[in-house]
Amino acid sequence: MVRGIISIILLFSLQLCFAQNEDPDSKTARLNKKFMKALYEEGNEDLANRISDSLKLIYKNTGHLYSLYRYYNSKGNLAYYRGEYPVALRHFNDALLMGKKHKDTSIIVGAQMNVGAMFYLLNNYDEALKHYLEDAKIMEIYDTSGLSGLYGNIGMLYNDIDQLEKAEFYLNRSMNLVNSEKEIEEIIKPLNVLGIVQRKKGEYGESEKSLIRAIEIAEDNPRFYRDIADIHSSLANLFKETNNYKKQEHHIQKSIEYYEKINNPTNIAYGRQLLANYYLDVGESVRAEREIITALQFFNSTDFPVSSKREFYATYAQILYAQNKYKEAYDQLNLGFELYDTLFSLQKIEQASKLETKYFYQQKIKLDSIKRAEEQKKQALRIKKEKAENEAALAQQKIYSTVGIGGTLSLLIIAFVLFKAYRNKNKSNILISEQKNQIEAKQTEILDSIQYAKRIQTAILPPQSLVKSYLTNSFVLYKPKDVVAGDFYWMEHVGDNILFAAADCTGHGVPGAMVSVVCNNGLNRSVREYGLTDPDKILNKTREIVVQEFEKSEEDVKDGMDISLCSLSLSTHSLTWAGANNPLWIIRKDLDQVEEIKADKQPIGKYQDPKPYTNHEVKLEKGDSIFIFTDGYPDQFGGEHNKKFKTTNFKKLLLSVKGEKMEDQKRIIDKKFEEWKGSEEQVDDVCVIGVLI
């Protein structure tokens, strides 16, 4: 939700693009000014659209290049103003292609910045940053007048991926380029983003000052209604963190008010979603549901990014979950995943998994209840069947005696008894068959739910392509015991360092998977929200988050996580490591032994006497290997005497594959595990990570 609200303050450059390269044709220049006034000051989209068409007509009649450029940009601005970012991207890209075709630097400068801005709004950070950096190279050589807006855009992007120091650097750089009072309005947007950065850093007083100053500069000018709406959203988030709920609600309402003034359906919907989250936080789920339903109604009226639509459905699911409507919450999540099935917001994934597991746990309880009832019914039916058969046998005996006597009346009575027993037996068989079908249907439903939970958990794990992009010579051996797992591996790139971990949560299967979602989220928040990069500090903060999450339960939850966490410098190969119960193993290139660094003997979770985790600095050389793992591999039973594999044999195995390519090491280690296990059941989840320096 917050991502949707703050993202639209990004476009520092759009108006700048029109103010540069003054067209020698006075009519074109006059139309351009009229367009900007109609759209951004008066909010008159119809007039702006007619002016845009006039610019294209001038190009057709005269072949004037800048008329066509301004036509593309005007259409892009119209789409951006409406929140139709894919449409805006298409028009801005047309302008960029035209500039490149004619090798016109002045066109390329403005168009490329706008293309980057649209990629950002569509969550494509790589493309956005690529266009920004290309643009910076051109501007620094040919035209520095647009650098303020460009640096502001880059600062916004770094803020969104929580690289706060870089964000603050570029935002201040942007504002420092504003040289006169006439240009003071150009710092409104950078001030807003700076306020967001300061809030994330916990500098709440400075954040409020920056945001209030931005509003004061805007002075309720219609040209800045969009910016004012965004700033109110930022203030709402600030007061949410400082628990000032009255001010939070006030600024959310003000934000929606200004979005309505400029008739921007996309951001009206985002505002309604933010209001829904507010009501949910203060326990007013009925009002929250009303707001999210209102927000969802905007889907058909504007071109929403599918990722944002999924977030709306996830919010709706949270609200239904708070109302104990678990099946309805699950259905809303399904709607979201049908729209967007590849990228996941980690925070929402945690919520999705909680809803998912809550739902299919309830179904499992129902199934267990049905099974118990079924067994009882089967027992009763067996007794009834045996009784009926006994009655039939007695009846047969009576037939023989009756025939001997020749009692016709007795024969009729016995025939009736036999017929009734036969009919009861058929009824019992039909009932058993129906109940069997019900159980099979429930089993199918639960298995489908577990498979769906697997998709969610798989989305949490870093894809192999991402692992290989940072750790080229590495492998990850991941073998869940059940469909879903308590083990997981984790990765995060921060500056020159790559953070990666192998983690083992309490239990395996569905219970372990539920704990893993909470612990994974704790790691993500420690790095992304709190800006931590040292392994010991990450583990300390993760423990704090996990304990807080489990303390919300009325029960005494003692679940947690064992973990081995590395921070590897990609340039110097220096390694910083910390562990909770799980060690780090190092195999030096010129030694035939395993060097072990032991972990702190305490889990991530509730513990009787918790102590800070310990950092270990390790200098590595090219050719050294490091291994982190959970206990599933050495604890596996098997072999000739059905014993544990044990860490001693695991060390010998790793030494035996030294010198092999990492993928070959993975294959050999996996094959040995399967051979050792044989026909035995896998006892636990398995996760092994190997990295060759």
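Observations, loosely collected:
- Applying a DSSP loop filter and a limit of 14 other Cβ atoms within 10 Å to the GluC sites (Glu not before Pro) in region 615-693 leaves Glu621, Glu640, Glu660, Glu680, Glu681.
- Candidates per trypsin sites (Lys or Arg not before Pro) in region 612-681, loop by DSSP, up to 13 other Cβ within 10 Å: Lys622, Lys661
- Calculated on the alpha-carbon coordinates, the convex hull of region 561-693 measures out at 117 cubic angstrom per residue.
- A full extension of the chain between Tyr607 and Ser569 corresponds to an added length of 10.5 nm, given 0.36 nm per residue minus the alpha carbon distance.
- Across Lys598/Lys651; Lys166/Lys201; Lys37/Lys130; Lys37/Lys247; Lys327/Lys541; Lys622/Lys671, pairs whose alpha-carbon gap is larger than 22 Å: Lys37/Lys130; Lys37/Lys247; Lys327/Lys541; Lys622/Lys671
- Sparse-neighbourhood loop sites, trypsin sites (Lys or Arg not before Pro) in region 61-154 - DSSP loop, at most 13 other Cβ within 10 angstrom: Lys103
- In this structure, Asp331 and Ser26 have a Cβ-Cβ separation that, at R0 = 56 Å, corresponds to a calculated FRET efficiency of about 0.40.
- Sorted from longest to shortest, the spans of the Cα atoms of region 461-692 along the three principal axes equal 47, 44, 33 Å.
- Label point distance in nm, Lys247-Asp46, each placed 7 Å from Cα along Cα→Cβ: 4.2 nm
Bear in mind that the values in this text are calculations on the coordinates, not laboratory data. These figures come from a predicted structure and were not determined experimentally. A quick note on method: Cβ atoms are made from the backbone with ideal geometry, for glycine too, and the neighbour counts reach across all protein chains shown.
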